[in-house]
Structure formats: structure tokens, C-alpha cells
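Down below is the structure, laid out as C-alpha cells.
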Amino acid sequence: MSKPTFHRADERRFLDERGSSGPLAPNGLNPATIMEKAVRERIVDSYFYKEQCFGVNEADIVDRVVEHVDFIGGVSGIAQKPTPFLCLAFKLLQLAPGDDVLAEYLQFGGEKFKYLRALAVFYVRLTRTDKAVFETLEPFLEDRRKLRRKGRDGTTLTFMDVFVDDLLTKDRVCATSLWKMRKRDILEDLELLEPRVSPLGALEDLLEEEDEIIQDGEGGEANGDGHE
Amino acid sequence: WESDNDDAGNNSDSSQPNKKHTVDDTDDLDPAAEYAAWKLRELKRLRRERDAIEARERDLVELERRRNLTEEERRAEDDAHVAAQREEKESRGKMA
């Protein structure tokens with residue numbers, strides 16, 4: 001089945017048909033069931049979703065992120081209220097933007113607005129094939145910008161590279177179970193991926209250097225640029 | 001959805017979007033320190049991957065070694081292992 005030529009303003013059709021009429025995500029999952037049912041229902045019930053995600057298209061997503069998303073997270077509080085971040089991720093599942101749109105979110109938009117990039121990497125992890133996920137996400141392990149993260153134990157500081165690393169290695173991020181990808185070394189053995197080269201350079205030198213840094217202490221203040 | 005922010009200090013100055021959060025996410029306040037912190041995280045990730053590969057290789061070597069043993073040698077090794085486990089368990093039992 002192909003993507004409908006026009007977008008329905010609300011989620012009713014998407015949810016009523018449980019994704020049976022629309023296209024599947026590139027990794028073969030049904031976008032209507034990628035998020036858990038309980039979370040989905042809370043999102044559809046939330047004021048943010050009703051007010052800010054009605055009749056939104058791919059371009060409006062950028063506006064919403066810039067205006068309303070200043071932390072990442074899944075659900076918060078006793079009522080397990082979904083965050084704007086999660087609501088917009090759900091909207092993206094419904095919109096199913098193509099790779100060209102995602103590239104804009106990640107690159108041009110992502111440079112300016114870090115939470116837009118965070119949203120896009122989250123969406124890519126949910127819907128793209130394992131090979132594409134590794135290829136798309138790994139460059140952002142270099143992005144060291146700070147992110148606010150709201151979890152069960154309040155708001156904490158995290159970083160884009162940590163968030164991307166969580167997406168690549170953990171199985172549950174932001175109240176969403178991530179689908180099980182093949183491990184990186186398996187993909188390397190199948191010759192689908194090249195081994196990852198860290199932006200810092202060759203691995204062997206780095207591992208020796210690392211021991212020194214860790215011995216110096218983890219403050220990171222004093223040894224800031226001693227290695228350049 | 002913004003009014004009941006649970007980590008809000010005070011909602012009066014909502015004109016400043018950053019004021020309602022206790023965590024500051026402004027970048028480039030101290031680029032050198034931020035770079036150093038990122039470098040440490042990256043090194044830990046590389047170390048983690050390297051350790052995973054080494055653990056897997058150790059397992060393979062051990063597997064190969066076991067396969068090359070004769071039946072008696074294998075049994076002797078198993079008995080020693082079981083004996084060690086039992087001893088461990090008994091010593092724990094006495095403590096309690």
C-alpha cells in the first residue's frame with residue numbers, strides 16, 4: 001500500500017486502522033504500534049498533543065520543536081504525562097517523513113536546534129533499518145551539545161552523544177521499547193558496515209591515552225587541552 | 001502542559017524559557033572543558049567496545065581449549081569446578 005496523497009489532520013484514522021492501510025516503516029514495523037499502547041493513549045489524550053499536533057505537517061514539526069521542546073524524555077510525573085518530545089515523535093510516526101526530510105532535520109536544522117536533531121535521531125532509530133541507523137546516527141556521537149532530560153528522578157543534564165549512544169546500545173529509551181537491531185559487529189561481519197573510526201583517531205593510541213586521563217581524574221577541567 | 005512543570009522555580013518569569021528549568025543546557029560556556037568531557041565519554045565508549053570484543057575472544061579460546069581436551073581431562077576439570085563451588089557454598093552456609 002502506498003502513502004496517502006493527503007495527510008489527515010488528526011490521528012483517528014491512523015489509530016482506527018492500526019496502520020493497516022498505510023505503508024510500513026522502512027525497517028518493516030508498523031508505525032502505529034511502535035510505541036506502546038499505554039503510552040500511545042496517553043499521548044492522544046494529552047493537551048499538548050491535542051492543541052499543538054493537530055494538522056501538523058513535516059515543516060510545522062520544526063516550529064513545534066523550536067517553540068515547545070526544551071527537554072527530552074518519555075513520560076513524567078505520577079500521571080505519566082507524555083513530554084512534548086514524545087508527542088512530536090508520535091506525530092512523526094504518523095507523518096512518516098522520507099529520508100530527505102530527515103536529512104534536513106538532522107543536518108541543517110539539527111545544527112541550529114539541538115532538540116530537533118534529538119527528535120530526528122530518535123525517530124530514525126525507531127523506523128529505519130539497522131544498517132541505516134548505524135550509518136545515520138554514528139556521526140552524531142561527535143555532537144557534544146547539552147540536553148535536558150526529564151526522567152523519573154527529575155531533570156538531569158545529558159549530552160547529544162550520550163543520547164545517541166543510548167539509542168544504539170540500550171533497549172528502552174524515552175518510554176519506548178526500541179526494536180532489537182543486529183549488533184554492530186554482526187553487520188561488520190556481513191560486510192554491510194565498515195568498522196567505525198572514531199573522530200579522535202586510531203584506537204590503539206587512544207586506549208593508552210585514556211588510562212592516563214582516567215588516572216588524572218574525571219573532572220575534565222584541568223586536562224582540557226593538554227592533549228592537543 | 002507547561003504550567004505544571006514540577007521543577008519550576010517560579011512561573012512568574014515565563015518570558016525567559018530557560019528560567020523555568022533548574023538544569024542549564026547552554027552550550028559553549030567553556031568549550032575546552034566541554035571538549036574534554038566529550039573526549040572522555042568517547043574514550044569510554046571505545047573502551048567498552050574493545051572490552052566486549054576481548055571478552056568474546058576469550059570465550060572462543062576457552063571453548064576451543066575445552067574441545068581439544070580428552071574426555072577424562074574434561075571430567076576432571078568439571079569435578080574440580082563443582083568441588084570448588086560446593087566448598088564456596090558450604091563456607092557461606094557456616095557464616096549464616
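Throughout, read-outs are computed from the coordinates displayed, never taken from laboratory work. Computed from a predicted model, the values in this text were never measured in an experiment. Every residue, glycine among them, receives a Cβ derived from its backbone with ideal geometry; neighbour counts consider all protein chains shown.
For B:Leu69, what is the net charge nearby, where nearby means another residue's Cβ is under 15 Å from its Cβ and Lys, Arg count +1, Asp, Glu -1?
-3
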Original post:
In sequence order, what are the phi-derived ³J(HN,Hα) couplings for the stretch A:123-132 according to the Karplus relation 6.51 cos²θ - 1.76 cosθ + 1.60 with θ = phi - 60°, rounded to whole Hz, with x for glycine and proline?
Top reply: 5, 4, 4, 6, 10, 9, 5, 4, 4, 5
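Assuming R0 = 45 Å, can you tell me the calculated FRET efficiency for the pair B:Ala84 and A:Asp185, based on Cβ-Cβ distance, to the nearest 0.05?
On the way: r = 33 Å, r/R0 = 0.73.
The formula returns an efficiency of 0.85 here.
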Original post:
Give me the log10 of I(q) over I(0) for the stretch A:26-118 at q = 0.11, 0.12, 0.21, 0.23 Å⁻¹, as the Debye formula computes it from C-alpha points; what are the numbers?
Top reply: -0.30, -0.36, -1.11, -1.28
**OP:** Post the alpha-carbon centroid distance, the stretch A:89-131 to the stretch B:26-58, in whole angstrom.
**Re:** 24 Å
Original post:
So who's got an amide H within less than 5 Å of the one on A:Ile72, skipping anything under 5 residues away but keeping other chains? H placed 1.01 Å off N, in plane.
Top reply: A:Arg148, A:Arg149, A:Lys150
Subject >> Integer Hz, Karplus 6.51/-1.76/1.60 couplings in order for the stretch A:68-81, x for Gly and Pro >> reply: 10, 9, 10, 7, 9, x, x, 10, 9, x, 5, 6, 6, 5
Subject >> Under 5 Å, built H, 5+ apart or other chain: amide partners of A:Phe159 >> reply: A:Leu147
**OP:** State log₁₀ I(q)/I(0) for the stretch B:36-96 at q = 0.18, 0.19, 0.22 Å⁻¹ as given by the Debye formula over alpha-carbon point scatterers of equal weight, solvent excluded.
**Re:** -0.79, -0.80, -0.88
Original post:
Cα gyration tensor of the stretch A:1-160, axes a ≥ b ≥ c as square roots of the eigenvalues: rounded (a/c below 1.5), prolate (a/b > b/c) or oblate?
Top reply: oblate
